[in-house]
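*Asks:* This structure is in structure tokens; I'll ask about it shortly.
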Amino acid sequence: MFKKSLFFGLIFSGIMFANNVPKTYPSGELGKMVRLGENILMHTNTNPLTKNLVGNNLKCINCHLRGVDGKPGTGKGIGTFIGTASAFPAYSKREKTVQTLQDRINNCFMRSMNGKRPIIDSKASIAMAAYITWLSTGMPIQMNEKRPCSPLNSERWAKNVKKFTEIQKKATHINYIRGKKLFEAKCSMCHGIDGKGIGSFPPLWGKDKNGKWLSYNCGAGMSKPAKGAAWVQSNMPLGAGNTLNDQDAADIMLYVDAQPRAPFVLKEHLLSNMGYYNSKVLNEVDTVKSNFQALGLDINEIKRGN
Ligand code: HEC
Ligand code: HEC
């Protein structure tokens, strides 16, 4: 028994660290779909098939980072797409249903992209699933009964969200001010002191001059301070992931997620002609206030007008 688990453990870590992304695309129509999906993940807000479904200035690759090969979602940090396809169908606590990979992809449009959920049968949705599935070539199927994500992300999310929840639920206004100072020192040179992004460095909060929301909304994983801290500690500052200590990552995302962003009213993100929506939770509403309440924090007391 011990030998067997050691054996599979070695194989698994081999897969994990070799980052063996397939080198060649499938041929024919399938290969075209995989490439289209790759293009959409890189250019989500400008690709003609998805630009009208995106409600902010983000692209998938802003959070599912490129690896050394330059391909979307092959970065090693938390949020990688390596192994993702091997985990589906998977159970999601958020929707209280079993989700397919396409369901999971499409849900990031409603929340992280502050947009509309693509239709499951659309070319865009199929293409993104084709690309993400191709990234898991050769990996064994291991359906996830706990959360809809890759075996390479699953325990990292669980462990870190627990850790950051413990830290952040003790937060006061002092942590918020600390987070602001750290943000200004370590993040603002790329994301802007006003969080609106600079050039190709993406926005973190706020609106543009026409009143359009720039970044992820209050229903997104990133808007929950503990999830945000888990992602940021692993991936930011860009190129220097895993350099922020726990308290710093916790305070920085307490500050970032306290800034103005679009409230999330789930029903506003469904197309009228979408057909069936695979979820049992249809009345979800999230705001900055409710995201802080979930940690037992009062946003007004945390910000005190700052
Ligand atoms: C603002 C950041 C952000 C953006 C932009 C974003 N996502 Fe995500 N995505 C997340 C986070 C955070 C999670 C996991 C946490 C959760 O489940 O709440 C996630 C999870 C996923 C998963 C499950 C992956 C796994 O194995 O862990 C898929 C698939 C996915 N996103 C697809 C997409 C696609 C496709 C796009 C572009 C249309 C996109 N995401 C844009 C933040 C983002
Ligand atoms: C050297 C520039 C740089 C620094 C410094 C940096 N980031 Fe980023 N950040 C980026 C880039 C670029 C991306 C998008 C990655 C991509 O598209 O390849 C990103 C993505 C993000 C995202 C997800 C996308 C979005 O816009 O919401 C968050 C959240 C984030 N950074 C937070 C931070 C925080 C917090 C810090 C400070 C601890 C930080 N970043 C420091 C360049 C930087």
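The values are calculated or read from the model by the stated rules, or taken from the named source; none is laboratory data. Please read all numbers here as calculations on a predicted model, not as lab measurements. Neighbour counts run over all protein chains shown; Cβ positions are idealised from the backbone, glycine included. All accessible areas refer to the heavy atoms of the entire protein, side chains included, with ligands and DNA or RNA removed. Shrake-Rupley method; radii C 1.70, N 1.55, O 1.52, S 1.80 Å.
*Asks:* Kindly evaluate I167 against the criterion of being at pLDDT 95 or above and outside the structural domain of V256 (by TED's automatic domain parsing). Show your work before the answer.
*Replies:* Working: at pLDDT 95 or above: yes; outside the structural domain of V256 (by TED's automatic domain parsing): no.
No: the conditions fail for I167.
*Asks:* Scan the stretch 169-189 for residues that are of a type in the set (A, V, I, L, M, F, W, C), open to solvent by 70 Å² or more (accessible area, probe 1.4 Å) and either more than 9 Å from ligand 2 (Cβ to nearest atom) or over 19 Å from A240 (Cβ atoms) (or both) and jot them down.
*Replies:* Within the stretch 169-189, I174 is the sole residue that qualifies.
*Asks:* Sticking with this one: In this structure, is V265 open to solvent by 70 Å² or more (accessible area, probe 1.4 Å), of a type outside the set (D, E, K, R) and either more than 13 Å from ligand 2 (Cβ to nearest atom) or modelled with pLDDT under 95 (or both)? First the steps, then the outcome.
*Replies:* Working: open to solvent by 70 Å² or more (accessible area, probe 1.4 Å): no; of a type outside the set (D, E, K, R): yes; either more than 13 Å from ligand 2 (Cβ to nearest atom) or modelled with pLDDT under 95 (or both): yes.
No: the conditions fail for V265.
*Asks:* Tell me yes or no: at least one residue of the stretch 248-261 is open to solvent by 10 Å² or more (accessible area, probe 1.4 Å), under 13 Å from the mean Cα position of the chain (by Cα) and either assigned by TED's automatic domain parsing to the domain that holds C190 or more than 8 Å from ligand 2 (Cβ to nearest atom) (or both).
*Replies:* No: the stretch 248-261 contains no residue that is open to solvent by 10 Å² or more (accessible area, probe 1.4 Å), under 13 Å from the mean Cα position of the chain (by Cα) and either assigned by TED's automatic domain parsing to the domain that holds C190 or more than 8 Å from ligand 2 (Cβ to nearest atom) (or both).
*Asks:* Which condition does V21 not pass, out of (1) in contact with a helix residue (DSSP H, G or I) (Cβ under 9 Å, 6 or more places away or on another chain); (2) modelled with pLDDT of 95 or more, if it passes all the others?
*Replies:* Against the list (1) in contact with a helix residue (DSSP H, G or I) (Cβ under 9 Å, 6 or more places away or on another chain); (2) modelled with pLDDT of 95 or more, V21 comes up short only on (2).
*Asks:* On to the next question. Could you check the stretch 137-175 and list, in sequence order, the residues that are among the basic types (K, R), within 15 Å of ligand 1 (Cβ to nearest atom) and outside any helix (DSSP H, G or I)? Give the steps one after another, and end with the answer.
*Replies:* If we filter the stretch 137-175 for residues that are among the basic types (K, R), which is where we start, we get 146-147, 156, 159, 162-163, 169-170.
Pick out the ones that are also within 15 Å of ligand 1 (Cβ to nearest atom) and you get 146-147, 156, 159, 162.
Result: K146, R147.
*Asks:* Right, another one. Out of the residues in the stretch 238-249 that are touching a helix residue (DSSP H, G or I) at 6+ places or on another chain (Cβ under 8 Å) and away from ligand 1 (no atom under 16 Å from the Cβ), state the one that is nearest to G79 (Cα to Cα). Explain how you work it out, then say what you get.
*Replies:* Filtering the stretch 238-249 down to residues touching a helix residue (DSSP H, G or I) at 6+ places or on another chain (Cβ under 8 Å) leaves 238, 241-242, 244, 246-249.
Then keep just the ones that are away from ligand 1 (no atom under 16 Å from the Cβ); that gives 242, 244, 246-248.
Values: N242: 14, L244: 17, D246: 18, Q247: 21, D248: 20 Å.
Per the criteria, the residue is N242.
*Asks:* Can you tell me how many residues within the stretch 89-114 are within 15 Å of the chain's Cα centre (by Cα), away from ligand 2 (no atom under 16 Å from the Cβ) and among the aliphatic types (A, V, I, L, M)?
*Replies:* 2
*Asks:* With open to solvent by 30 Å² or more (accessible area, probe 1.4 Å), closer than 16 Å to S279 by Cβ and aliphatic (A, V, I, L, M) as the only criterion, which of I141, I105, I126, I120 stands out?
*Replies:* Working: I141 fails: closer than 16 Å to S279 by Cβ; I105 fails: open to solvent by 30 Å² or more (accessible area, probe 1.4 Å); I126 fails: closer than 16 Å to S279 by Cβ.
On inspection, the qualifying residue turns out to be I120.
*Asks:* May I pose another question? Taking G221, is it more than 30 Å from L266 (Cα to Cα), within 15 Å of ligand 1 (Cβ to nearest atom) and touching a helix residue (DSSP H, G or I) at 6+ places or on another chain (Cβ under 6 Å)? Don't jump to the end; show me each part of the working.
*Replies:* Working: more than 30 Å from L266 (Cα to Cα): no; within 15 Å of ligand 1 (Cβ to nearest atom): yes; touching a helix residue (DSSP H, G or I) at 6+ places or on another chain (Cβ under 6 Å): yes.
Against the criterion (more than 30 Å from L266 (Cα to Cα), within 15 Å of ligand 1 (Cβ to nearest atom) and touching a helix residue (DSSP H, G or I) at 6+ places or on another chain (Cβ under 6 Å)), G221 does not qualify.
A quick yes/no check of all residues on (1) open to solvent by less than 80 Å² (accessible area, probe 1.4 Å); (2) more than 19 Å from I193 (Cα to Cα); (3) of a type in the set (K, R):
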site: W213; (1), (2), (3): yes, no, no
site: G219; (1), (2), (3): yes, yes, no
site: G239; (1), (2), (3): no, yes, no
site: N273; (1), (2), (3): no, yes, no
site: E284; (1), (2), (3): yes, yes, no
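*Asks:* May I pose another question? Residues in the stretch 190-211: is at least one over 26 Å from H173 (Cα atoms), within 12 Å of ligand 2 (Cβ to nearest atom) and either crowded, with 23+ Cβ neighbours inside 10 Å or hydroxyl-bearing (S, T, Y) (or both)?
*Replies:* First, pick out the residues of the stretch 190-211 that are over 26 Å from H173 (Cα atoms): 198-202, 208-211.
With the extra rule that they be within 12 Å of ligand 2 (Cβ to nearest atom), the set shrinks to 198-202.
Now narrow it down to the ones that are either crowded, with 23+ Cβ neighbours inside 10 Å or hydroxyl-bearing (S, T, Y) (or both): 200.
There is at least one residue in the stretch 190-211 that is over 26 Å from H173 (Cα atoms), within 12 Å of ligand 2 (Cβ to nearest atom) and either crowded, with 23+ Cβ neighbours inside 10 Å or hydroxyl-bearing (S, T, Y) (or both).
*Asks:* For the subset of the stretch 38-83 comprising residues that are under 14 Å from the mean Cα position of the chain (by Cα), within 11 Å of ligand 2 (Cβ to nearest atom) and of a type in the set (A, V, I, L, M), which member is most open to solvent (accessible area, probe 1.4 Å)?
*Replies:* Top of the filtered list is L65.
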